[in-house]
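Participant: I'd like to ask some things about the structure below.
The values are calculated or read from the model by the stated rules, or taken from the named source; none is laboratory data. Computed from a predicted structure; not experimentally measured. Every residue, glycine as well, gets a Cβ built from its backbone with ideal geometry; the counts of neighbours run over all protein chains shown. Calculation scope for accessible area: heavy atoms of the full protein, side chains included, ligands and nucleic acids excluded. Shrake-Rupley method; radii C 1.70, N 1.55, O 1.52, S 1.80 Å.
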Amino acid sequence: MWPLTRRRAAAPRRDPAPSRWAFRMQRVMLTPSVRVALRMGLPVAAVVAAGALWLGDAARRDHLLGHVAEARAAIESRPEFRVELMAIDGASVDLAEEIRATLQLDLPTTSFDLDLDALRAEVAALAPVKSVSLRIRPGGVLQLAVEERTPAVVWRSAEGLRLLDTGGHVVREIAARADRPDLPLIAGAGADGHVTEARALLAAARPLAPRVRGLLRVGERRWDLVLDRGQRIMLPVDRPRDALDRVIAMDGAEDLLARDVAAVDMRLAERPTLRLNPPAVDELHRIRRIEWGED
């Protein structure tokens, strides 16, 4: 006989494991980058969105920009940021005037309006300037320390007369040779690239200094030492200093250059050649005719 009451069926036990999507979400939330994004990214995004919304109004934006401009003007107008004067050290009077004309600074001004790198580039681009440094000195002074190129020779080329330093850099142009009689003269195309060699040859030619007029670069390969009376010492491409020393030695022994010689050709070291002036050639021919009994 069946019991009056039926036993209630046991309820199924709840599975404690999360669902597939819950498990994936938990894994995502445990990722460090996601946690950082939620902790920092969302607040930043919210602030940016709120700021963009607030600045989206033109009136608010203009009001904010006005406050920023006033704050900047108040800072820039402070005495410690004012530049009242410009001082140039190490430059000649002419170069200092050229620098001032190049920069054309409207002083007084604020240091915030001065681009020191751009000013330095402008001054460094001037031919007479070897190097320059700029700084704003306490007291509102823009200080320029200039190293000026020192002229070493006068170079005569197709473009005119120019002063060169020892490195062959152009210092400035001059109107006439008489403007710098204290400097030696070199001439010819390519002479500016061999200033050091030219100075060495001119130094070796000191025994002939009263007669030296300059050095001429020939064919962009070699030098002619030009003397007064139109005389030339034609030097070789290789070892020109040795060839010049030989000519000076011959002149000291035999007064070679005191004779009616147009040129001393030393281009072939083993066979020096003398070129006589036309009157000397005619006289030589006359003497030879006398010796041969033709006169």
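Participant: Name the strands (runs of 3 or more DSSP E) wholly within the stretch 157-248 that hold at least 3 residues that are open to solvent by 20 Å² or more (accessible area, probe 1.4 Å) and among the aliphatic types (A, V, I, L, M)? Even if it seems obvious, please write down each step before you answer.
Facilitator: Values: elements: 160-164, 170-174, 185-187, 212-218, 222-227, 232-234.
Because the criterion is at least 3 residues that are open to solvent by 20 Å² or more (accessible area, probe 1.4 Å) and among the aliphatic types (A, V, I, L, M), the strands (runs of 3 or more DSSP E) in the stretch 157-248 that meet it are 212-218.
Results for (1) loosely packed, with under 10 Cβ neighbours inside 10 Å; (2) modelled with pLDDT of 70 or more, shown as yes or no for each residue.
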{"site": "Pro32", "(1), (2)": "yes, yes"}
{"site": "Arg35", "(1), (2)": "no, yes"}
{"site": "Val47", "(1), (2)": "no, yes"}
{"site": "Ala50", "(1), (2)": "no, yes"}
{"site": "Trp54", "(1), (2)": "no, yes"}
{"site": "Arg72", "(1), (2)": "no, no"}
{"site": "Glu76", "(1), (2)": "no, no"}
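Participant: Consider the stretch 78-96. How many of its residues are modelled with pLDDT of 80 or more and part of a helix (DSSP H, G or I)?
Facilitator: Total meeting the criteria: 4.
Participant: Considering only the stretch 259-277, how many residues are surrounded by 14 or more Cβ atoms within 10 Å (Cβ to Cβ) and of a type in the set (Val, Ile, Thr)?
Facilitator: Total satisfying the criteria: 2.
Participant: I'd like the residue in the stretch 111-123 that is farther than 16 Å from Ala87 by Cα and touching a strand residue (DSSP E or B) at 6+ places or on another chain (Cβ under 9 Å) and, out of all such residues, is modelled with the highest pLDDT.
Facilitator: Asp117
Participant: Scan the stretch 84-99 for residues that are closer than 13 Å to Val129 by Cβ, of a type outside the set (Val, Ile, Thr) and surrounded by 13 or more Cβ atoms within 10 Å (Cβ to Cβ) and jot them down.
Facilitator: Selection gives Gly90, Ala91, Leu95, Ala96, Glu98.
Participant: Determine if the stretch 251-258 includes at least one residue that is open to solvent by 90 Å² or more (accessible area, probe 1.4 Å), over 19 Å from Leu216 (Cβ atoms), modelled with pLDDT of 80 or more and outside any loop (DSSP other than H, G, I, E, B).
Facilitator: Yes; the residues of the stretch 251-258 include at least one that is open to solvent by 90 Å² or more (accessible area, probe 1.4 Å), over 19 Å from Leu216 (Cβ atoms), modelled with pLDDT of 80 or more and outside any loop (DSSP other than H, G, I, E, B).
Participant: Scanning for something in a strand (DSSP E or B), in contact (Cβ under 8 Å) with a residue 40 or more places away in the chain and open to solvent by 50 Å² or more (accessible area, probe 1.4 Å), does the stretch 116-131 turn up at least one residue?
Facilitator: No; the residues of the stretch 116-131 include none that is in a strand (DSSP E or B), in contact (Cβ under 8 Å) with a residue 40 or more places away in the chain and open to solvent by 50 Å² or more (accessible area, probe 1.4 Å).
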